[in-house]
Amino acid sequence: MPDTKPIFNILLVEDNELNQKFALAVLRKLGYQIDVAENGLVGLEKFKSKKYDIILMDIQMPEMNGIEATMAIRQIEALEGANKHIPIIAVTAFALEQDRKNCTEAGMDDFLAKPYKPQELEQKILDVSRRFGIY
């Protein structure tokens with residue numbers, strides 16, 4: 001049986017251009033489809049207009065931060081029904097235990113500290129996809 005990898009449709013919400021380029025290179029090499037939003041407000045609008053399998057969410061961004069964007073996404077999902085839950089992975093330089101707690105309380109499903117290695121990002125994506133039955 002061949003080992004087939006899923007092709008996920010991922011929304012990357014990240015304001016730092018260098019971090020965007022790194023993540024895009026990693027995700028494209030893995031064969032994923034990626035859209036980029038430069039802040040939480042743009043990320044929220046993209047979430048409303050297109051179906052994504054997973055969201056990678058930075059925390060500290062202008063306009064709307066990752067915590068606020070995640071809470072808004074979770075409110076929309078709650079209105080749409082219980083079957084609407086998109087996994088959100090916090091990808092942030094804020095790696096203290098309180099930061100993890102804040103992300104979890106906002107509705108994020110996992111946490112990846114920057115800087116990260118490409119294989120760490122891939123593993124987080126696969127972990128949440130399995131946990132939520134996407135793959």
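The values are calculated or read from the model by the stated rules, or taken from the named source; none is laboratory data. Since this is a predicted model, take the numbers as computed values, not measurements. Remember, those area values only see protein heavy atoms, side chains included, never the ligands or the DNA or RNA. Shrake-Rupley method; radii C 1.70, N 1.55, O 1.52, S 1.80 Å.
Each residue of the range 91-100 was assigned a 3J(HN,Hα) from its phi angle through the Karplus expression (A = 6.51, B = -1.76, C = 1.60, θ = phi - 60°), giving 10, 8, 7, 7, 10, 6, 4, 5, 5, 4 Hz with x at Gly and Pro.
Overall, the accessible surface of the chain at a probe of 1.4 angstrom is composed of carbon and sulfur to the extent of 53 percent. Working note: Karplus 6.51/-1.76/1.60 with θ = phi - 60° gives the range 107-120 the couplings x, 6, 9, 7, 8, 10, 7, 8, x, 10, 8, x, 5, 5 Hz, where Gly and Pro are set to x. Largest GNM mean-square fluctuation among F22, F47, F94, using the chain with Cα springs under 10 Å: F22. Candidate values (i) 106; (ii) 135; (iii) 162 were compared with volume of the Cα convex hull per residue in Å³ computed on the shown model; the agreeing label is (i).
When a/c reaches 1.5 or more, the comparison of a/b and b/c decides; with that in mind, is the range 1-54 rounded, prolate or oblate per its Cα gyration tensor? Show your work: numbers first, answer last.
Numbers: a/c = 4.34, a/b = 1.48, b/c = 2.93.
Oblate shape, in that a/c is at least 1.5 and b/c is the bigger or equal ratio.
The lysines within cross-link reach of K101, meaning a Cα-to-Cα straight distance under 25 Å and a gap of 8 or more places when in the same chain, are K84, K114, K117, K124. Counting only heavy atoms of the protein chains and using a 1.4 Å probe, K48 has close to 120 Å² of accessible surface. A 1.4 Å probe run over the protein chains yields, for the chain, 56 Å² of accessible area per residue, whole-number rounding.
Between the alpha-carbon centres of the range 102-135 and the range 1-78 there is a gap of 12 Å.
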